[in-house]
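A short write-up of the structure that comes next.
Here, each number is a calculation from the coordinates, and none is a lab measurement. Source: prediction; values computed, not measured. Cβ coordinates were reconstructed from backbone atoms using ideal geometry, including for glycine residues, and neighbour counts include every protein chain displayed.
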Amino acid sequence: MDIKDLQRENIRTLKPYSTARDEFKGQASVFLDANENSFGSPLPANYNRYPDPLQLDLKDAISKIKGVPIENTFLGNGSDEAIDLIFRAFCNPGKDNVIILPPTYGMYEVSANINDVEIRKVDLLSNFQLDLEKIAESIDKQTKIIFICSPNNPTGNSINREDIETILANFKGLVVIDEAYINFARQKTFIQELTEYANLVVLQTFSKAWGLAALRLGMAFSSRQVIDILNKVKPPYNINQATQDLALAAVENIGTVNDWIKITVSERERLSTALAALPIVQKVYPSDANFILVAVNDALAIYNLLVDKGIIVRDRSKVRLCEGCLRITIGTVEENNALISILENLS
């Protein structure tokens, strides 16, 4: 597969914006090329200079953790930027289509609508796995992307690996696997398959396990061809220097992050067991994420009760296949105990 054949014609011929930092490579002591404030900044850190447009130091640190070369790594302002850029680079507005698999992360549909790209929805099966037959029936010559969220949001389960591999091997467009919750999963990441599938894009994030949601830092891993295209269409300085500095400091504390992951997984099992024992709970769905989907007797009433008690969960009861369900993020031990106590008293 030649990825260049998938990109939009205007993107193929696009001349990207050239920054001052792109044009000069090397060492210097006086920078008079980018119209910056040469006196510094009013902050303790020196933020008067534009950041590295390709975030090479941060990518190098991420590479050591993920085992993915820098040239196969894209950093975005959250995973949402990577999702949007994929639409803008590969989908012709009003002509191409993409496939999403509800219930799933809502930004795929939002980005498609913003970019005027047709959405073809193929619902997951009742066990929240892929309907391969209907996916195959929905594909035509204008289908550019299939989005697969695994572990899936809002259901929490990992998608069967063999089913994903079937799509990767047979679909002639991009397959985007959103692994925002992969750190909490039993299933292995698909970044190990990057060298096998040129059309594979894997999304990960610093928002969940790393606890850096406020920084808005997402990762996309793919073939060199795809990454080069994303770098071509992205804004010149899409990751600010403060985010790069803080993320570099964070990756030095991977031991702490791994400890949080272990506690989250342990609490996920404890909370699932406790909730399953309550009369108001119909079912607790298995989860590979840092949240659980729980079917309850009266989702809206329980949601409102928890709001009154100062606890906010997500009401997913109106989402197809999630009828009557609440999505509950795994909190600290104390937060989970407070939730359990309130629901026990309700029972």
Net length gained if the chain between PHE24 and LYS172 were fully extended (0.36 nm per residue, minus Cα distance): 49.4 nm
The chain, helix-only ellipticity at 222 nm - DSSP H runs n ≥ 4, -39,500 (n - 2.57), divided by all residues, nearest 500: -10500 deg cm²/dmol
Of LYS121/LYS232; LYS4/LYS25; LYS4/LYS141; LYS121/LYS318, pairs whose Cα-Cα distance is over 20 Å: LYS121/LYS232; LYS4/LYS25
Calculated over region 61-148: convex hull of Cα atoms, volume per residue (Å³): 124
Projected label distance in nm at SER266 and LYS121, using a 7 Å step from Cα toward the beta-carbon: 4.1
Potential extension, ILE280-LEU132 segment - 0.36 nm per residue separation minus Cα distance: 49.8 nm
q = 0.19, 0.23, 0.29 Å⁻¹: log10 I(q)/I(0) that the Debye formula gives for region 148-194, counting C-alpha atoms only: -0.57, -0.83, -1.22
Residue with peak Gaussian network fluctuation, the chain [Cα springs, cutoff 10 Å], from LEU275, LEU326, LEU305: LEU305
Residues VAL307, VAL294, sorted so that the one with the fewest Cβ neighbours within 10 Å comes first: VAL307, VAL294
Order of VAL98, VAL296, VAL30, VAL257 - criterion: other Cβ atoms within 10 Å of each residue's Cβ, fewest first: VAL30, VAL257, VAL296, VAL98
Max mean-square fluctuation residue, GNM over the chain, Cα-Cα springs under 10 Å, options ILE114, ILE99, ILE135: ILE114
log10 of Debye I(q)/I(0), alpha-carbon scatterers only, for region 3-253 at 0.11 Å⁻¹: -0.61
For region 267-347: rounded, prolate or oblate by the Cα gyration tensor [a/c cutoff 1.5]: rounded
Residues of type lysines that LYS262 reaches as a straight line, Cα spacing below 27 Å, ignoring anything fewer than 8 places off in the same chain: LYS59, LYS64, LYS66, LYS188, LYS208, LYS283
Percent RCO, i.e. relative contact order, over the chain, from Cα pairs under 8 Å lying at least 6 residues apart: 17
Region 276-347 versus region 172-222: alpha-carbon centroid distance in Å: 27
Hypothetical label at GLU323: residues of region 83-111 whose amide nitrogen lies under 19 Å (7 Å Cα-Cβ projection): 102-104
Order of LEU58, LEU174 - criterion: other Cβ atoms within 10 Å of each residue's Cβ, fewest first: LEU58, LEU174
Cysteines not pairable in the chain (beta carbon separation under 4.7 Å absent): CYS91, CYS149
Region 289-341: relative contact order as a whole-number percent, Cα under 8 Å and 6+ apart: 41
